[in-house]
Structure formats: C-alpha cells, structure tokens
1. What single numbered condition from (1) at pLDDT 95 or above; (2) closer than 20 Å to residue 130 by Cβ fails to hold for residue 13?
2. Tell me the residue from 83, 77 that is of a type outside the set (S, T, N, Q), more than 17 Å from residue 131 (Cα to Cα), in contact with a helix residue (DSSP H, G or I) (Cβ under 9 Å, 6 or more places away or on another chain) and surrounded by fewer than 17 Cβ atoms within 10 Å (Cβ to Cβ), please.
3. Would you mind listing the helices (runs of 4 or more DSSP H) fully within the stretch 20-138 where at least 3 residues are at pLDDT below 95?
4. Kindly indicate which of 75, 69 is out of contact with any Leu (no Cβ under 9 Å at 6 or more places or on another chain), within 21 Å of residue 137 (Cβ to Cβ) and touching a residue at least 40 places away in the same chain (Cβ under 8 Å).
5. Would you mind finding the one in 51, 90 that is surrounded by fewer than 18 Cβ atoms within 10 Å (Cβ to Cβ) and either within 10 Å of the chain's Cα centre (by Cα) or touching a residue at least 12 places away in the same chain (Cβ under 8 Å) (or both)?
6. If you scan the stretch 62-74, which residues turn out to be among the hydrophobic types (A, V, I, L, M, F, W, C) and either over 11 Å from residue 36 (Cα atoms) or crowded, with 18+ Cβ neighbours inside 10 Å (or both)?
Amino acid sequence: MKNILVAHDGSEPADNALLEAASVAEKFGAKVSIVSVVPNLCFSEIGTDCDTVTKLYRAEIEGAMEGVKSLLKDKGIDSEVVILYGSPADVIVDAAKARNADLIVAGSTGKHATERTIFGSVSSKIVANAPCSVLIVR
C-alpha cells in the first residue's frame, strides 16, 4: 500500500478517518492525499450569491486543512492537501483514480446534514464507485 486518499470535510468523523489513515500510512510507509471538496450549494431558488457562498465554504475548509497538514507533518507522514470543486463523491472517486490510490478513507457521516439531504450519502457513493478498497470510519 503506497497511496492513501482521505476524504476530509472538516468534520469530527473526517478527523477520525484522518487518524485511522495516518495509522495505516505509518504501518505501510504510504503517502496520504487529503482531498476536500467544495460542493455546489448554490441554487437559484435560494437567491444567494454563489461566489460568496463558495468563498466562505472554501475558507472554512482551508482553516480545517491547516490542522490536518500539521498533524501529518508531526507524524512524519508524506502528504498533500488538495481542495477541489464539484460533487463530493464524484470528485473523491476521480481523485483516487488520478492518484492511483490503494485505499480511500472517509468518515461515516459528513459535516453538513444539508449536503446529505441534497446529494445523498457521500460515503455510500464512494463505496459504490471507488477504484480501490474503501475504509469507512465511524
């Protein structure tokens, strides 16, 4: 196992998934790619400024990723943090393919219940479409 991809949205379940991925990476000497996705939460019916919503969401993710980078650096784990845009499950699966991931690690639930209601369970979609093994952490 050389490449582990962690789906991270800044939530406590995602932090738990990160810790599990770090443990696996330490055992195998694997590189960890942390992928966080800014979803499209803008809908014309809501009447919000999509650029503002997107910028706020990205800023929140960037803040969470600072702690993630620090944790992995302290453990001596080779890592990268990538922030992408789109449908979370699709983007995570595509990122796993692009990085030749041997394992995707994700939390069982995400940060925002609204996303689950709108998009469905991200973790379920990842499991159904992943190009590699998937570890869902509770």
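The values are calculated or read from the model by the stated rules, or taken from the named source; none is laboratory data. It should be emphasised that the depicted structure is a prediction, and the values quoted were computed from it without experimental measurement. As a convention, Cβ positions derive from the backbone with ideal geometry for all residues, glycine included, and neighbour counts pool all protein chains shown.
1. Tallying (1) at pLDDT 95 or above; (2) closer than 20 Å to residue 130 by Cβ, residue 13 fails exactly one: (1).
2. Answer to the check: 83.
3. Where helices (runs of 4 or more DSSP H) fall fully within the stretch 20-138 and carry at least 3 residues being at pLDDT below 95, they are 50-74, 113-119, 122-129.
4. So the residue among 75, 69 that is out of contact with any Leu (no Cβ under 9 Å at 6 or more places or on another chain), within 21 Å of residue 137 (Cβ to Cβ) and touching a residue at least 40 places away in the same chain (Cβ under 8 Å) is 75.
5. Just a single option satisfies the conditions, and that option is 90.
6. Scanning the stretch 62-74 gives 64, 68, 71, 72.
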